[in-house]
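Coordinate-derived values only; no laboratory data. All figures in this text were calculated on a predicted structure; none of them were measured in a lab. Note that we place each Cβ from the backbone using ideal geometry, even for glycine, and neighbour counts take in every protein chain shown.
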Amino acid sequence: MNAVDDLMLMAYLDDELAPEACESVEAALRADPSAAERLASLAPVGDLLAGLARTEAAPDVSEVVVATIVHRRREASRSRTLW
C-alpha cells in the first residue's frame, strides 16, 4: 500500500504533482479508503483558498532599512566626534 500524507494530497488537488506522483496518489486512494476520505475532507479547503482575493506582495524594504541604519550610525558617530 502506498501511504500519502496530507501535503501530497493537497498537491494532488492543486495539480502540482508530476504524472508519476499522481499515479502513486491515485493507487493509494484506491487501496486506502482513509486516504480517500482525507482527500475528500481537504478538497473544500482548496476551494476556500482559491476563493480568497489575490494581493500583491509588499515591496522588499530591507535595503531601505539597512541604508537608514547605516546613515543614522554615521550621523551619530559624527556628532560624538565633535565633542
For the range 10-83 the trypsin sites (Lys or Arg not before Pro) that pass both the DSSP coil test and the at-most-11 other-Cβ-within-10 Å test are Arg54
Quote the relative contact order of the chain in percent (integer), defining contacts as alpha-carbon pairs under 8 Å separated by 6+ residues. 29
Label points 7 Å out from Cα along the Cβ direction at Arg72 and Ala50: separation in nm? 4.6
Obtain the nm distance between the two label points defined at Ser34 and Ser62 by a simple spin-label model: each point lies 7 Å from its Cα along the Cα-to-C-beta direction. 4.2
Hey, what angle do you get for helix 19-31 against the long axis of the chain, alpha-carbon based, 0 to 90 degrees rounded to 10? 50
